[in-house]
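Colleague: Take this structure first; my questions come after.
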Amino acid sequence: MKKTVTLGALTVAAFAAGAAGAATLDDVKARGELKCGVSTGLAGFSAPDANNVWQGFDVAYCRALAAAVLGDPNKVAFTQTTGQTRFTALASGEIDVLARNTTWTFSRDVDLKFEFIGVNYYDGQGFIAPKSLGVASAKELDGATVCIQTGTTTELNLADFFRANNISYEPVPIETNAEAQQQYLAGACDVYTTDASGLAATRATFENPADHVILPEIISKEPLGPLVRHGDNEWGDIARWTLNALIAAEEYGVTSANIAELSSAPTNNPEINRLLGTEGELGAMLGLDNEWAKRAIMAGGNYGEIFEKNIGEATPIGLSRGLNAQWTEGGLLYSPPFR
Amino acid sequence: MSDTHAQTVAFVRDTMLDQKDPPLNQVGAVKWIRENLFSGWLNILLTLASLWVVYAVLSHLLPWALRGVWDASNLTQCREIIAERYGAGTSAACWAVLTERWPQLIFGFYPKELYWRPILAFLIFLAAVAPVLFSAVPRKMLWVSALAPFVLFWLIWGGSLWGPIAAILGFVIGWAILTFAAPKIGTLLAVILAIVVPLFYWLVICGPLSDALASVVPLSLRAVATQKMGGFLLATIIGVSGIVLSLPLGILLALGRQSDMFIINKFSVAFIEIIRGVPLIVWLFTASLLLNYFLPPGTNFDLMLRVIIMVTLFSAAYIAEVVRGGLAALPKGQYEAADALGLDYWKSMRLVILPQALKISIPGIVNTFIGLFKDTTLVVFIGLLDPIGLSSSIRATTDWNGVYWELFVFIGLCFFVFCFSMGRYSLFLEKKLRREHR
Amino acid sequence: MATISDPPERGFRLNQLIFDTRYRSMTIQVVAMILIGLLLSWLISNTIHNLEALGKDFDFGFLSQPAGYDINQQLIDYNNQMTHGRAALVGILNTLLVAVLGCALATVLGVVAGVLRLSNNWIVSRLAAVYVEGFRNVPLLLWIVLIFALMTESMPSPRDFRGEDGSSMLLGESVAITNRGVYIPNVVFSRSLGGNEVAAPEAPAAAAATPGTNMAGTYGASRIATGGAGVQTGQANAPDASGGDAGGAAAAGGEVIPTSSGWDWLLILAVVIAGVFGAKVLGKRAAHIQEATGKRPMTLPLQIAAILVPLIVVLVALGASLDKPELGGFNFDGGVHLRNSLIALWLALSLYTGAFIAEIVRGGILAISKGQTEAAYALGLRPGTTMNLVILPQALRVIIPPLISQFLNLTKNSSLAIAVGYMDVRSTLGGITINQTGRELEGMLLLGLFYLVLSLLISGVMNVYNSSVKLKER
């Protein structure tokens, strides 16, 4: 008789079953919920708070996308993925979009058949070392023990870097950031390497952050961005332009504070008007209504606000904008025009 | 009088002396200590070594645990409190992370206002397994056990009550065919019908029927998505459904392995050996990475369901071995007696063999369940938030980044309490069975 | 009922296939066969369709592409320019290593704990019970993580060995226990059979190693050479601990660097086996003389000599010396580095499985009736002899079958290496390789196959052993 839970569960599966691939937008709308893949926990980027609400930089993008598509930033089902399972989860349609600080690389884009819809954080792999080690450059690390997180591009970059400099090292692969941090603090490795953002976030939580230095070398380019499946360009467009809307909003000075005012009537900046839907029909071209971008920005503010709130200098993570400043301020963020 | 005696006759005592107390080192604590701890140089050595081990462990652990801080909103604050109370550099536990996050470790992200549902479900579950596990409980309670899966499913996932009811109906249909139609159309046809008709019903009619009923009389609880389940709730769901679902399959496999029919036998053996020969973690990765390849294009199962399917297949192989042990333990006379009564295979199994074999197997099944429950921690590697997964999520928040031992100690203790009590139960049952068999 | 007891009056008809017990099993099997076949072909066709839809093919070619990642513990030669297949092989050897070590230690721990739990000493039996229950009832994953963290937290780091007041090495400066693992001396040979390299200014010359060097116990190498493919062997086999003078000697030109190769170890193993064999012959001869004359000649010194003398001769001939670990730049150099990940995984697996084995051993001993002990005492046997000659041989028959399945469990559980970053086959082939190439179907298939074959092999071998100690029934 107890066989029946399967059948009960199968009915649930029947509800959950949906054709993956084509027309993700319709699926999401029919489901009334955006399924967003995030990491199982990375300080500042995605982590659940005490009230079971996911918070973080990557999470904020998912909320903006949900707001744009469904009108409600809370209609997101967060699926936790590991470094190993993330791509399969996306490929199989388990999630609609993957926002899990994933590096945009050629093979992932072309061979694994995903579409990176932009870059929401320009990162690079760096090293952190205790000051007492007296190391000033990563090139002095000959023979050092290096903690790395497995399942990422990190270990390949590391191998390349040491090979290029013809020095040796001892890799200590660790599954999660938290473990790696514990290993590093206990002195089980001389240096810890991961994306510079992660290093800063990690260092911020040490008991004595001043005892550790982040070495000057950045050994790789790590453009992190959300990605969707190949083959559904409409959905890719929505995801891409939601990210662009957040970036553009910062450039034009649209913030969550003034957005209500700016969108109530057309302003004298046509770019803002088109972005906020008071002019033109950009939303309809995406298959959404005209206020999509407005809702996306209202979900958590523009790119700058999201950055400051989750990982900016005022937070314990304390990242400076650096490369992630607007192009007008010497950074790399550059949204194509809304036209 | 006494004088003369003393002079003439050698002393003969005619009254008993009062019993003397045994020497001090032969009574009470001293005797016990001598006999149990210091009886010979090897024992003295072992005792001293053990005492040293106990001291070494406790002297590190106790101050750390007892000085722990229970009220702080984040790790930095907690460390400040410790430094303030005991001086800088003292190591002490930050139990505050548990005060703040224990509901998450138990229930995952289940909505806080709905915590009563899993709790109630757990109580119902206990009530449902009681008649299976304890023979003192009235047999009528087995009906509760039969209905419990539907109720539990409804309580935990929510949604319309009509779904589970419509699903039950399928079983009722199957049962009705077996009972009423079998005398008229023959057993074999009835069995085939009893499988095909309910299947057809579930696949085609069940869904619309429950929808229709729901639209007439909406009886529903707020639906909770599987992504919201985590922590021990998730571990329990996976463990319990894995074992319960695998029982029928495991029994069939055990029978198959004992069967004389070549193909059935070889297939069962192959299935059992393949499943048992490969680690669970590989199967879990298969569930996470590959199961979608094997199903028709476009099917998309929820990850937890895929894990439950895999875990069910996995534990079915283990249950099959346990049940096979039970079948083998029965005296051959039981089989022969059943044959002599003229029972056919299924009847002899159902009425004579399996009731006895399963009773012997219950301790083994409970042990399999303990193993499975512990193994649910492996789902962390495929991104499900079991207690260990949640502990890394909690450590990823800026408040608690850097907290380490406290969470593991809590998780370990919870597992210990649960598994230890189950293990005791299984031992109790084994002893009872041994008595009954003598 | 009626249908079953119908006599087959109608002769052989089709319905006999169903109703006649003689043919029914045939029918059922054919139907089962068809159903299984349908199920399999359904799964396979689904897979083909899904692969097509994803634009992937089913191809094991990725195994011959460069892996690109490093593995810290390598029993065979490997660097990041070698293929994924080679990386998988390194992982397989690592899995086997930890499984073998784990089974050995788990047996020892299990037997000790099982016997101690039956001890009359209250505190000892309680402690053993705490150990057994503690490890049995908490998930293995948690233990692995905890032991790993405990080791890194409680041991000194290599830095602490610097200076006077820091930690010091054990056993005459030859063993260093650090939070990165344990460094022990390595035996090296200055006249190695694998051929010795002569220190040259540039390491690549050293790469001209014979094939034999590939068998070298390079897991002792404390570093991963990241230069070209050739540099690897040189650096790995010539621990520059011996030392910092490697550079200096190179300048002087042509100092032989002691090294060790598989051939050396094979030779030593052969000599030891021959020695043991010789000792046995001596023992047998002594027994012969004892039976004939009633006097047993002194054999023990002879036996020891039979084993030790050839061994020493060979060691001297090979020019053996100890390569002690020395504190280098960041780490200890030279010697054999048993990494923390290996030790933590090994300890956790052994302690966990040992707790289960302890229960098996205890059950096995308890299963022997008390009369056996009493009978042995009545014959005048001492407690130790009673245990060895009477109780254990009987208990073993009860113990071995469940022991086999514990060994199997341990081997399978070694796949949890992922938790401590031990590079076993699941982490290399089933982890990084799948992740870098996106070949999850092929990778998981190979991985599953490997574990399956391994399990079948272990249970096969152990079953043979089991039947050899089984009570020979008449």
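Colleague: When the Kirkwood hydrodynamic radius is evaluated over all pairs of different C-alpha atoms of chain B, what value in angstrom, to one decimal, is obtained? Write down the numbers at each step before the final one.
Modeller: Numbers: mean 1/r = 0.0369 Å⁻¹.
Averaging 1/r across every pair of different Cα atoms and inverting gives 27.1 Å.
Colleague: Considering all alpha-carbon pairs of the stretch C:79-153, what whole percent are spaced by more than 19 angstrom? Mind showing how you got there, number by number?
Modeller: Numbers: 1631 of 2775 pairs.
So the portion of pairs separated by more than 19 Å is 59 percent.
Colleague: Apply the a/c threshold of 1.5 to the C-alpha gyration tensor of the stretch C:25-183 and tell me whether it is rounded, prolate or oblate.
Modeller: Values: a/c = 3.28, a/b = 1.46, b/c = 2.24.
In terms of gyration-tensor shape, oblate.
Colleague: Helix B:207-216 against the longest principal axis of chain B: what's the angle in degrees, Cα atoms only, rounded to the nearest 10?
Modeller: It works out to around 90 degrees.
Colleague: Between the helical axis of B:231-258 and the dominant principal axis of chain B, each derived from Cα atoms, what acute angle in degrees is found, rounded to the nearest 10?
Modeller: So the inclination is approximately 70 degrees.
Colleague: What are the residues whose amide H is under 5 Å from the amide H of A:T102, where those residues sit 5 or more places off or on another chain and H is modelled from the backbone?
Modeller: Sorted by chain and number, the residues that satisfy this are A:G225.
Colleague: With all pairs of different alpha carbon atoms counted, what Kirkwood hydrodynamic radius in Å does the stretch C:262-314 show?
Modeller: Numbers: mean 1/r = 0.0846 Å⁻¹.
Every distinct Cα pair counted, the radius reaches 11.8 Å.
Colleague: A follow-up question, please. Return the long-range amide H neighbours of A:E222 (sequence gap of 5 or more, or a different chain), with a cut-off of under 5 Å between placed amide H atoms.
Modeller: Long-range HN contacts for A:E222: A:D123, A:G124, A:Q125.
Colleague: Starting from the coordinates of the alpha-carbon atoms of the protein assembly as shown, obtain the Kirkwood hydrodynamic radius over all distinct pairs and give the value in Å to one decimal. Provide the component values of the computation, followed by the final result.
Modeller: Values: mean 1/r = 0.0289 Å⁻¹.
Answer for the protein assembly as shown: a Kirkwood hydrodynamic radius of 34.6 Å.
Colleague: Residue by residue, what Karplus-based ³J(HN,Hα) values in Hz, rounded to whole numbers, does the stretch C:452-463 have, using 6.51, -1.76 and 1.60 with θ = phi - 60° and x for Gly and Pro?
Modeller: Each residue's phi maps through the Karplus curve to give 4, 4, 4, 4, 5, 4, 4, 5, x, 4, 5, 5 Hz.
Colleague: Now, a different point. Mind checking which aspartates and glutamates have their C-alpha under 17 Å from A:K294, skipping anything on the same chain fewer than 8 residues away?
Modeller: Within reach: A:D72, A:D237, A:E250, A:E251, A:E261, A:E271, A:E279, A:E281, A:E305.
Colleague: How long are the semi-axes of the ellipsoid equivalent to the stretch B:328-438, from square roots of 5 times the Cα gyration tensor eigenvalues, in whole Å, largest first?
Modeller: On the way: eigenvalues 428, 55, 9 Å².
After diagonalising the Cα gyration tensor, the semi-axes are 46, 17, 7 Å.
Colleague: Is the stretch B:82-167 rounded, prolate or oblate when judged by the Cα gyration tensor, a ≥ b ≥ c being the square roots of its eigenvalues, rounded requiring a/c under 1.5 and prolate requiring a/b larger than b/c?
Modeller: Values: a/c = 6.14, a/b = 2.17, b/c = 2.83.
Oblate, since a/c reaches 1.5 and b/c is not below a/b.
Colleague: Given a Förster radius of 35 Å and the C-beta distance between B:D18 and C:N120 as r, what FRET efficiency does 1/(1 + (r/R0)^6) yield to the nearest 0.05? Kindly include the intermediate steps, with their values, before the conclusion.
Modeller: Values: r = 33 Å, r/R0 = 0.94.
With a Förster radius of 35 Å, E is 0.60.
Colleague: Report ³J(HN,Hα) in whole Hz for each residue of the stretch B:32-43, in order, from the Karplus equation J = 6.51 cos²θ - 1.76 cosθ + 1.60 where θ = phi - 60°; Gly and Pro get x.
Modeller: The phi angles translate into 4, 5, 4, 6, 8, 10, 10, 9, x, 5, 5, 5 Hz.
Colleague: Shifting gears a bit: Put a dot 7 Å past each Cα toward the Cβ at B:Q356 and A:K29; how far apart are the dots in nm?
Modeller: In this crude label model, A:K29 to B:Q356 measures out at 6.6 nm.
Colleague: All other residues with a Cβ under 15 Å from the Cβ of B:S91 taken together, and with Lys, Arg as +1 and Asp, Glu as -1, what is their net charge?
Modeller: Working: positive: B:R67, B:R79, B:R85; negative: A:E207, B:E80, B:E84, B:E406, C:E153.
Net local charge, B:S91 excluded: -2.
Colleague: Going by how many other Cβ atoms sit within 10 Å of their own, how do C:R285, A:R339 line up, fewest first?
Modeller: Details: C:R285 13, A:R339 8.
Ranked by crowding around the Cβ, least crowded first: A:R339, C:R285.
Colleague: Specify the inter-centroid distance of the stretch A:185-228 and the stretch A:273-318, based on alpha-carbon positions, in whole Å.
Modeller: Using only Cα atoms, the two centres lie 29 Å from each other.
Colleague: Here is a further query. Near C:K284, which lysines are there with a Cα under 23 Å away, not counting those fewer than 8 places off in the same chain?
Modeller: Cross-link targets: C:K295.
Colleague: Moving on. Would you mind checking A:K131/A:K221; B:K374/C:K412; A:K35/B:K228; B:K374/B:K431; A:K29/A:K113 for any pair whose Cα atoms are more than 18 angstrom apart?
Modeller: Working: A:K131/A:K221 25 Å; B:K374/C:K412 15 Å; A:K35/B:K228 13 Å; B:K374/B:K431 24 Å; A:K29/A:K113 24 Å.
Over 18 Å Cα-Cα: A:K131/A:K221; B:K374/B:K431; A:K29/A:K113.
Colleague: According to the square roots a ≥ b ≥ c of the eigenvalues of the Cα gyration tensor, what is the shape class of the stretch B:24-66, taking rounded for a/c under 1.5, prolate for a/b larger than b/c otherwise, and oblate for the remainder? Show your work: numbers first, answer last.
Modeller: On the way: a/c = 6.15, a/b = 2.02, b/c = 3.04.
Oblate shape, in that a/c is at least 1.5 and b/c is the bigger or equal ratio.
Colleague: Taking beta carbons within 10 Å but only from partner chains, what does the mean come to for residues A:30-43?
Modeller: On the way: counts 0, 0, 0, 2, 0, 2, 0, 1, 1, 4, 9, 11, 3, 8.
Across A:30-43, the average partner-chain Cβ count within 10 Å equals 3.
Colleague: What list of ³J(HN,Hα) values in whole Hz, one per residue of the stretch B:348-355 in order, does the Karplus curve 6.51 cos²θ - 1.76 cosθ + 1.60 (θ = phi - 60°) give from phi, with Gly and Pro shown as x?
Modeller: Along the stretch B:348-355, the couplings run 5, 5, 5, 9, 10, 7, 4, x Hz.
Colleague: Would you mind pulling out the separation of the Cα centroids of the stretch B:44-105 and the stretch C:375-391, in Å?
Modeller: Taking the Cα centre of each part, the stretch B:44-105 and the stretch C:375-391 sit 49 Å apart.
Colleague: Then there's this: Excluding residues fewer than 8 places away in the same chain, name every one of the aspartates and glutamates whose C-alpha is closer than 20 Å to that of B:K31.
Modeller: Cross-link targets: B:D21.
Colleague: So how do B:319-329, C:449-459 stack up, highest first, on mean other-Cβ count within 10 Å? Write out the running numbers ahead of the final one.
Modeller: Numbers: B:319-329: 20.9, C:449-459: 17.4.
By packing density, highest mean first, the sequence is B:319-329, C:449-459.
Colleague: Can you show me the helix-derived [θ] at 222 nm for the protein assembly as shown, built from DSSP H runs with n ≥ 4 at -39,500 (n - 2.57) apiece and divided by the number of residues, rounded to the nearest 500. Show your work: numbers first, answer last.
Modeller: Numbers: 50 runs with 698 residues, N = 1251.
One gets -18000 deg cm²/dmol as the mean residue ellipticity at 222 nm.
Colleague: Mind pulling the angle between the C-alpha long axis of helix A:233-251 and the longest principal axis of chain A? Nearest 10 degrees, somewhere in 0 to 90.
Modeller: Its long axis makes an angle of about 70 degrees.
Colleague: For B:L199 and C:D57, FRET efficiency with R0 = 35 Å and r from the beta-carbon atoms, rounded to 0.05?
Modeller: Computed FRET efficiency for C:D57 and B:L199: 0.45.
Colleague: Right, something else. Quick check on the stretch A:81-233: what are the equivalent-ellipsoid semi-axes from the Cα gyration tensor, as sqrt(5λ), descending, whole Å? Before the final figure, lay out the partial values.
Modeller: On the way: eigenvalues 182, 51, 35 Å².
Equivalent ellipsoid of the stretch A:81-233: 30, 16, 13 Å, largest first.
Colleague: Along the charge dipole of the protein assembly as shown, Cβ charges K/R +1 and D/E -1, which of B:N292, C:T83, A:L224 sits furthest on the positive end?
Modeller: B:N292
Colleague: With equal scatterers on the alpha carbons only and no solvent term, can you work out the Debye log10 of I(q)/I(0) for chain A at 0.06, 0.12, 0.14, 0.15 1/Å?
Modeller: These q points yield log10 I(q)/I(0) values of -0.24, -0.88, -1.12, -1.23.
Colleague: Okay, next question. Hey, can you grab everything whose amide H is under 5 Å from the amide H of C:T178? Only 5+ residues off in sequence or another chain; H modelled, so Pro and N-termini drop out.
Modeller: Here the answer is C:Y183, since their amide H atoms fall under 5 Å of that of C:T178.
Colleague: Write down the Å³ per residue value for the convex hull defined by the alpha carbon atoms of the stretch B:162-276. If you can, show how the numbers build up before the last one.
Modeller: Numbers: hull volume 18.8 nm³, N = 115.
That works out to 163 Å³ per residue.
Colleague: Right, next: Quick one: what do you get for the stretch B:106-215 if you divide its Cα Rg by 2.2 N^0.38 Å?
Modeller: Working: Rg = 17.4 Å, N = 110, 2.2 N^0.38 = 13.1 Å.
Cα-based Rg divided by the globular estimate yields 1.33.
Colleague: Sticking with this structure for a sec: So, by mean Cβ neighbours within 10 angstrom, what's the order for A:106-117, C:377-388, B:93-104 with the highest one leading?
Modeller: Numbers: A:106-117: 16.1, C:377-388: 12.0, B:93-104: 20.7.
Packing proxy ranking, top to bottom: B:93-104, A:106-117, C:377-388.
Coordinate-derived values only; no laboratory data. Note that the structure is predicted; figures quoted are calculated from it, not measured. Here the Cβ is made from the backbone with ideal geometry for all residues, glycine too, and neighbour counts use every protein chain on show.
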